[in-house]
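Following: one structure in structure tokens, then a few remarks.
The values are calculated or read from the model by the stated rules, or taken from the named source; none is laboratory data. Everything numeric here is computed off the predicted structure, so don't read it as measured data. Glycine also receives a Cβ, built like all others from the backbone with ideal geometry; neighbour counts cover every protein chain displayed.
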Amino acid sequence: MNTFGEPTLAELQQQQEEGREPRQHAQRAGQTTPDNPWPLHLLSHKMHEYIARCVPTWVEGQVIELNHRGRVSYLTLRDIDQEVSVSMTVWGSEMTKIQGQVERGSRIVLQLKPDFWVKTGRLSMQGSNIKPVGVGSMLERIEQLRAKLQAQGLFDAGRKKPLPLLPHTIGLITGRDSDALKDVIRNASLRWPAVNFAVREVAVQGVHAVAQVTAALAELDADPSIDLIVIARGGGSFEDLLPFSEEAMVCAVAAARTPVVSAIGHEADSPLLDHVADVRASTPTDAGKRIVPDVADEREFFRAARYQLMRSLELLIQRERMGLTQVRSRPALAAPASTMLARAEDIERLRARALTAATHRLVRDREQVSQLRARVTALSPQQTLERGYSLVQTASGALVRDSSTLEEGQALKVRVAQGSLKATVTSVSDSAL
């Protein structure tokens, strides 16, 4: 049977000798049936051809097993972040081309190509073009990630959260029974003996560090009783601190709602976690001092504040007493009767002046009224009548000012100083006399 499911020449001859009709196998696996199955070698050949079409893939990982057997080396490569490992075979010619040293624990980049053995049905990986990942390459990748995260704004000071003044419970993520764990708890307890810790002991280096630290961070961040989270690790080599520059961990810290303090390595160490954390502590010891206040300093602060408060109250009371003494020494309070007597004399004097002024005003106004009365009397019509004049009116009451308006026989009314009389016009003249 060839690789296309067709019988070979030998099979055809055998089938003819046995008097059997040649059988055509299904072209695809989904077309096989219990009555028309594939021979096992056909499946193996098809899988070999399919896998042979896979192109080599560049991958990165950490060497956890390395065995040299003659001209072949057997490696087991583990993923940097996840618990995934792959075994592979590397020919001696590829090992001789490696520039640098590869041993257990080394991080390498290489090309992997799958290979399927037809006879045994075994899938294997062939490695080639192995390149050790040196410190320079790691630094370059970290710098590229640093620029990417900075462009995303994860390092901005405006997004950093302030630490609580006095956290009730502090989440601590650190290595198992590590010096960093002891340093943080000891220094924090010396400063504030009542501090509480929720400790999560995880791997802080190696392939499991990113996953375990991220999981512990998510657990503590989801707990509403946790006011602050500290991620601490003691000193170590550059490779040991690489997990704290991985993008997954850095982004997890940036997304945390609880304030996070980074205390990784020593002062000179600066993983990317330090830049995205809300507060960077130079060492775990420094973190223990920064997350809680010093009880001695706080007591001194309260003592000074109490003294300042008492001093302010004493000064206030002293000023008020001096003010009351000055008020009481004033004449109004020292001899209130004399002040009232002076005011009574002033009132009496003012009242006399007001009475005098009112009297003079009444006399002056009375004289003025008399003068006005005399003027009015002198100018009144009655006074004119008293001097011998009279008023002539028609029967309708209109005053007669022009004789030409009268007619002979017209009735008139004449008013004199004392009484009135009626008259009749007997003649009319235009002359005045």
For residues that are assigned to a helix (DSSP H, G or I), surrounded by fewer than 17 Cβ atoms within 10 Å (Cβ to Cβ) and in contact with an Asp or Glu (Cβ under 9 Å, 6 or more places away or on another chain), tally how many sit in segment 179-221.
1
Within segment 244-274, residues being among the aliphatic types (A, V, I, L, M) and in a loop (DSSP other than H, G, I, E, B) number 2
Selection over segment 56-84 where residues are closer than 18 Å to Asn129 by Cβ and within 49 Å of the chain's Cα centre (by Cα) yields a count of 9
Would you pick out the residues in segment 257-274 that are surrounded by fewer than 19 Cβ atoms within 10 Å (Cβ to Cβ) and either among the basic types (Lys, Arg) or within 21 Å of the chain's Cα centre (by Cα) (or both)?
Arg257
Scope segment 69-101; condition touching a helix residue (DSSP H, G or I) at 6+ places or on another chain (Cβ under 8 Å), farther than 19 Å from Pro56 by Cβ and at pLDDT 85 or above; matching residues
Arg71
Search segment 161-174 for residues that are assigned by TED's automatic domain parsing to the domain that holds Pro259 and pair each with any residue that is of a type in the set (Lys, Arg) and surrounded by 14 or more Cβ atoms within 10 Å (Cβ to Cβ) when their beta-carbon atoms are under 6 Å apart and the residues are at least 6 apart or on different chains.
Ile173/Arg200
Does at least one position in segment 370-382 carry a residue that is among the basic types (Lys, Arg), at pLDDT below 90 and assigned to a loop (DSSP other than H, G, I, E, B)?
no
Output the residues belonging to segment 352-390 that are over 30 Å from Gln418 (Cα atoms) and β-branched (Val, Ile, Thr).
Thr356, Thr359, Val363
Please pick out the residue among Glu239, Glu247, Glu267 that is within 19 Å of Arg159 (Cβ to Cβ) and modelled with pLDDT under 90.
Glu247
Residues of segment 222-243 being free of Cβ contacts under 8 Å to residues at least 40 places away in the same chain and assigned to a helix (DSSP H, G or I), which ones?
Pro243
Here are some conditions: (1) modelled with pLDDT under 90; (2) of a type in the set (A, V, I, L, M); (3) assigned by TED's automatic domain parsing to the domain that holds Leu163. Ala287 meets all but one. Which one does it not meet?
(1)
Please find, within segment 275-294, the residue that is farthest from the chain's Cα centre (by Cα) out of those that are surrounded by fewer than 24 Cβ atoms within 10 Å (Cβ to Cβ) and assigned to a helix (DSSP H, G or I).
Thr285
Residues satisfying the stated conditions in segment 141-178, i.e. under 17 Å from Val276 (Cβ atoms) and either polar (S, T, N, Q) or in a loop (DSSP other than H, G, I, E, B) (or both):
Gln144, Gln150, Gln152, Gly153, Leu154, Phe155, Asp156, Lys160, Lys161, Pro162, Leu163
Criterion: touching a residue at least 24 places away in the same chain (Cβ under 8 Å) and hydroxyl-bearing (Ser, Thr, Tyr) - qualifying residue of Ser124, Ser73, Ser93:
Ser124
Considering segment 42-65 alone, what residues qualify as being free of Cβ contacts under 8 Å to residues at least 60 places away in the same chain, surrounded by 16 or more Cβ atoms within 10 Å (Cβ to Cβ) and of a type outside the set (D, E, K, R)?
Leu42, Val59, Gly61, Val63
Scan segment 102-145 residue by residue and report those that are surrounded by 13 or more Cβ atoms within 10 Å (Cβ to Cβ), at pLDDT 85 or above and among the β-branched types (Val, Ile, Thr).
Val109, Val118, Ile130
Of the numbered conditions (1) in a helix (DSSP H, G or I); (2) of a type outside the set (Gly, Ala, Ser); (3) modelled with pLDDT under 85, Leu43 satisfies every one except a single condition; which is it?
(3)
Please go through segment 337-363 and give me each residue that is among the small types (Gly, Ala, Ser) and modelled with pLDDT of 90 or more, ordered by number.
Ala352, Ala354, Ala357, Ala358
Taking the stated definitions as given, is Asp35 within 49 Å of the chain's Cα centre (by Cα), at negative phi and assigned to a loop (DSSP other than H, G, I, E, B)?
no
Give the residues of segment 394-427 that are in a loop (DSSP other than H, G, I, E, B), surrounded by 10 or more Cβ atoms within 10 Å (Cβ to Cβ) and either in contact with a helix residue (DSSP H, G or I) (Cβ under 8 Å, 6 or more places away or on another chain) or of a type in the set (Ser, Thr, Tyr) (or both), sorted by residue number.
Val416, Ala417
